[in-house]
1. Considering chain B as a Gaussian network with a 10 Å cut-off on Cα pairs, which listed residue, B:K51, B:K255, B:K221, attains the greatest mean-square fluctuation?
2. Hey, could you grab the Kirkwood Rh for chain B? Inverse mean 1/r over distinct alpha carbon pairs, Å, one decimal.
3. How long are the semi-axes of the equivalent ellipsoid of the protein assembly as shown, defined as square roots of 5 times the Cα gyration tensor eigenvalues? Whole Å, largest first.
4. Mind checking the mean number of beta-carbon atoms from other chains within 10 Å of the Cβ atoms in A:4-11?
5. Relative to the longest principal axis of the C-alpha atoms of chain B, give the angle of the C-alpha long axis of helix B:119-129, reported between 0 and 90° and rounded to the nearest 10°.
6. Just round it to a whole percent: the fraction of Cα-Cα distances in chain A exceeding 26 Å.
7. Could you line up B:I103, B:I160 from fewest to most neighbouring Cβ atoms inside 10 Å?
8. Select from A:Q47, A:Q136, A:Q111 the residue whose mean-square fluctuation is largest in a Gaussian network model of chain A (Cα-Cα springs shorter than 10 Å).
Amino acid sequence: MTPQSLLQLTSQKCTTGCPILDRLLYGGIPCDSITEIVAESGSGKTQICLQLSLHAQLPVSHGGLAASSLYLHTEFPFPFRRLHQLCLSFRSSNAHHFPVNDNPCDRIFVQSVHTADHLLEIMSKTDPFIENSKNQVPVRLIVIDSIAALFRSDFDNTPVELKRRSSLFFKISSKLKALAKRFNLAVLVTNQVVDLVGPNEGINGLRIGNLVCLHTSGRRVCPALGLAWANCVNSRLFLSRNEEVIREENEKSNGQSCDFVKKKMRKLYVVFAPHLPESSCEFEITREGLFGVER
Amino acid sequence: MEIWRLPISASQRGKLISAGYTSLSSLSSISSSDLARELKVSESEAMNILKVASHSRGSETSNASCSIVEGAQSAWDMLHDEESLMHITTSSADLDNILGGGIRCKEVTEIGGVPGIGKTQLGIQVAVNVQIPNDFGGLGGKAIYIDTEGSFMVERAFQIAEACIEDMSEYNRFLRKDFQECKIKMLPQDILENIFYFRICSYTEQIALINYLDKFLSEHKDVKVIVVDSVTFHFRQDFDDMALRTRVLSGMALKLMNLAKRFSLAVVLLNQVTTKHTEASFQLALALGDSWSHTCTNRIVLYWNGNERYAYIDKSPSLRSASAAYSVTARGIRNSSSSCKRIKMM
């Protein structure tokens, strides 16, 4: 066994496609590590996943991984139309990197997953799949959207079942990390949130990471799957969305007046990461994708 | 007994005995400046005494040693050993204070906490700080970093190494204004080179590596700390036989303890937190169970208190229970910046 030389071990990152988000993440999603995105439904998790699957195909000089991606989805249906839309705008802004008749969607491999055991089965088949892909465009990004859906229904609330569930978390995480290390992959996992009810929150109210409490849509939430899963991921990002009332100045014919307008405020927070400080930034979702907003 | 045989003057002999040095082995681990202070003689005289003592020890046969059992040490000798042990600073003065100077060598220290509290940061900080040269109060040694989770980010280690070198230069400028020869020639790259990094992907690899460390350490005698981040991860999968898991873990802990004692290095084990369900309420406990919690010499628990990160000495044979606040900054682990920080004694 020989130690690895740290000087040759530079962690590659996959760009998110937006310079503001990349700056927050110090380059993008790191390889050889599991990054988790936690958010309630409709906050933009799938958007980020699709965007990353496309941008992973960019050459390394432009922040990508020059790679194809494996997209494992657990919630149906897979957003093919949205992927197509994002693909068009990706093509038009990055046309010089790809040949004319190329379709970036060809390099995103989609697989549906039904249960946790199914996921383990798929991962044992992923090894040879990624090995073979080295001949064409190697797979260097695995997205699991979302991991929570696999565990929300199969397990009863008894200690034995919960123990089995935790054990599965570590097994899956261990396999993912082994894959990530072997092929230098970036792994992106999305997770859902559960509500925190009442002042005495119990184990769910335990503070994990930089934020005392996660807020979205005016409610207090915490990531699903609990403390055990939190130990399995390397970094956690939180997307929040809130409706904010903003004063907008309007010029009307009879002088200036202001309207109170409801605006959707979306923010991305770093909950914990070994290489990132506590930070956050605002973002918006447009037809072209998800982009950070500098205020 | 052997002091009588030393070719030194009667007054020196008398001073040695009244100070308590009655055997040659008690003189083996003391430095000349300490001896001079204790005997109230000049440093050159003390050096002479030590030279004579080591000379006569070398020419003596083993059956002249006054230990009853081969390899046993008298408590007096052990006290001297302990006092001459160095600590690895954590770069946070408050944390160092409750630790009695820092992470201690020859002992296994377990550090546990929730995700995001700073365990990996502390591990990297210790791996960098062990390399602080002797002139600055450090051990000037190398580090072994065993990464089981993939949390080690080279760029973060580089950042912490850079900050450490900057702090040393600051210290240099304040205290050694005239000594130009103590210029810092270290670069962050040198610090990274002195960290032996191993990435482990399964529990069998982990056990194999710990077994291999014996050989590795005999070849690299300047390693002064082993950091395992984290020791738990691969053991939390389904082990059909829990008794096997306990045996494997205790075997591993024993080996690490042996390595710590034999090579005089510090072992830092980072652990995760799990919940223990007791009578419908939950309690947080370090993972790996009760039998594991007996195997480490010291245990530090990291936790959140309001908006601050705190470290609490949960178990230690020589330190008292206390907690101290610390913070994780861009430069690494530092003192907490809040104005009302206080070290709480329990």
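Bear in mind that the values in this text are calculations on the coordinates, not laboratory data. Computed from a prediction, not measured in an experiment: that's the story for all the values here. Because the Cβ atoms are built from the backbone with ideal geometry, glycine has one as well, and the counts that use them run over all protein chains shown.
1. Top of the fluctuation ranking is B:K51.
2. Averaging 1/r across every pair of different Cα atoms and inverting gives 22.4 Å.
3. Over the Cα atoms of the protein assembly as shown, the semi-axes work out to 53, 27, 25 Å.
4. Average neighbour count from other chains, rounded to a whole number: 6.
5. Computed tilt is about 30 degrees.
6. Summing the P(r) tail past 26 Å for chain A gives 47 percent.
7. Sorted ascending by nearby Cβ count, the order is B:I160, B:I103.
8. For chain A, modelled as a Gaussian network with Cα springs under 10 Å, the answer is A:Q136.
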